[in-house]
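Worksheet for the structure shown next.
Just so it is clear, none of the values below were taken in a lab; they were calculated from the coordinates. Nothing here was measured: the structure is a model prediction, and the numbers come from that model. As a convention, Cβ positions derive from the backbone with ideal geometry for all residues, glycine included, and neighbour counts pool all protein chains shown.
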Amino acid sequence: MSERTPAEFHPETVAAAYGVASDTAFGAVAPPLYLSSTYEFAGFDAPRAYDYGRVGNPTRDLVAEAIARLEGGAGAVMTPSGMAALDLLIGRLPAGSLVLAPHDCYGGTMRLLKARAELGQIRLALVDQSDTEVFEGQLRDHPALVLIETPSNPLLRVVDIAALSTLAKNAGARVVVDNTFLSPALQQPLSLGADYVLHSTTKFLNGHSDVIAGAVIAADPEEAKKLKHWANVTGAIAAPFDCWLTLRGLRTLFARMAGQERNAMAVAERLRGHPAVARVHYPGLADHPDHALACRQQRGFGAMMSFELAGGVPAVRRFVAAVRAFTLAESLGGVESLVAHPATMTHADMGPQARANAGIGDGLLRLSVGLEHIDDLLAGLEAGLQAIDG
């Protein structure tokens, strides 16, 4: 990996300054954006470092290097979306390989895995990964890949990455962890034993709700090379401008995460004591069942949470019509605060039975807490909650 920022620098410095002042043509402080789809050869049979944009692009490589450094990985591949990042891993598996995934994973992830399984390309097993006995039982079927999502979407369940990785590797499986909710600012799954880390960089890494992209990071240098080769084979590569925007967003990752987590804790505390709220799912709360585990493997609790309204769908309708400062929209991780109804939005494709099995009820709302003033966020929530009683 190119040492564009010295290896001894802290992660905050890598995020803020990776690739800064590396332009050898004009001395630009901000890394330039390379939009060219093709590159001149130095002569006959003499390609330069870059020859064709699908194979490699300086802007794409720069942000991939930065993200790999932040995750402590050997290399990364930037993809057109988070789903494309997961599919990059799935697509390299031999036909009929078993994939072991969480029973409560993100709806888009489940849709992709089920679609591949229905085509006969993989076999799929969904399991509650917090149940070690059940998890070990599934490992007897020798999965090729174990997918871990922690904290989970949308219920913020936390599972033990180190323990599950050890069990999976002993069974001959590789482990990939979706780290989208926390980012490397708050969690580094590779240091806990994972083989790969997955991101929808659309979310916290970019942080401004203006890019669709993804990334997969490998712990092993050879695996990183194979992933980059496979991305070229399939064409699953992120556009240069999206990569440039993602690198610009990465500059403020640590500052954004700190501010958003601070707001999220205040929001969770306010929701927990409200009579209209049946339950709050946020690992930062001391009474969350996974609080101790989150403290052990995370450096913070992040900006995502969900809560259940006691009044079900009627309460949800009144809340979203009256809430202020939170926008009703899908996605997450931007500087603006969003509210989503998983059952009809992000997890609708799961179907009612799968949602019930995962514990996703019709009264559940998910929040992505942004950087607005906390007084405005709390007042906005209160407006929605008061409408329930009204």
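Values for this structure:
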read-out: Per-peptide average of other Cβ atoms within 10 Å, ordering 196-209, 169-182 highest first; value: 196-209, 169-182
read-out: For region 149-222 and region 318-390, distance of Cα centres in Å; value: 24 Å
read-out: Estimated 222 nm signal from helices in the chain, with DSSP H stretches of n ≥ 4 weighted -39500 (n - 2.57), rounded to 500; value: -11500 deg cm²/dmol
read-out: Taking SER81, SER306 and counting other C-beta atoms within 10 Å, the order from fewest to most; value: SER81, SER306
read-out: Stokes-Einstein D (µm²/s) once Rh is taken as the Kirkwood radius of region 253-389 over alpha-carbon pairs, at 20 °C in 1.002 mPa s; value: 142 µm²/s
read-out: Extension gain, TRP230 back to ALA379 (0.36 nm per residue minus Cα-Cα distance, nm); value: 48.7 nm
read-out: Among 14-25, 84-95, the order from most to least packed when residues are scored by Cβ within 10 Å on average; value: 84-95, 14-25
read-out: Net +/- balance of residues flanking VAL316 in space, Cβ distance below 13 Å, scoring K and R +1, D and E -1; value: +1
read-out: Cβ charges +1 (Lys, Arg) and -1 (Asp, Glu), total dipole of the chain, debye; value: 320 debye
read-out: Anchor LYS225: aspartates and glutamates whose Cα lies under 16 Å away (excluding residues fewer than 8 positions away in-chain); value: ASP61, GLU65, ASP195
read-out: 3J(HN,Hα) from dihedral phi, region 250-259, Karplus parametrisation 6.51/-1.76/1.60, rounded to Hz, x for glycine, proline; value: 4, 4, 10, 3, 5, 5, 5, 4, 5, x
read-out: Charge-dipole axis of region 11-250 as Lys and Arg at +1 and Asp and Glu at -1 on Cβ define it, positive-most pick from ALA15, ILE212, LEU186; value: ILE212
read-out: Charge dipole of the chain about the Cα centre (unit charges at C-beta), most positive-ward option of PHE307, GLY334, GLY96; value: GLY96
read-out: All-pairs Cα distance distribution in region 131-197, expressed in whole percent, bin size 10 Å; value: 22, 55, 22, 1
read-out: FRET efficiency estimate (nearest 0.05) - Cβ-Cβ, PHE241 to ALA310, R0 56 angstrom; value: 0.80
read-out: Volume per residue that the Cα convex hull of region 343-390 spans, once the total is divided by residue count, Å³; value: 94 Å³
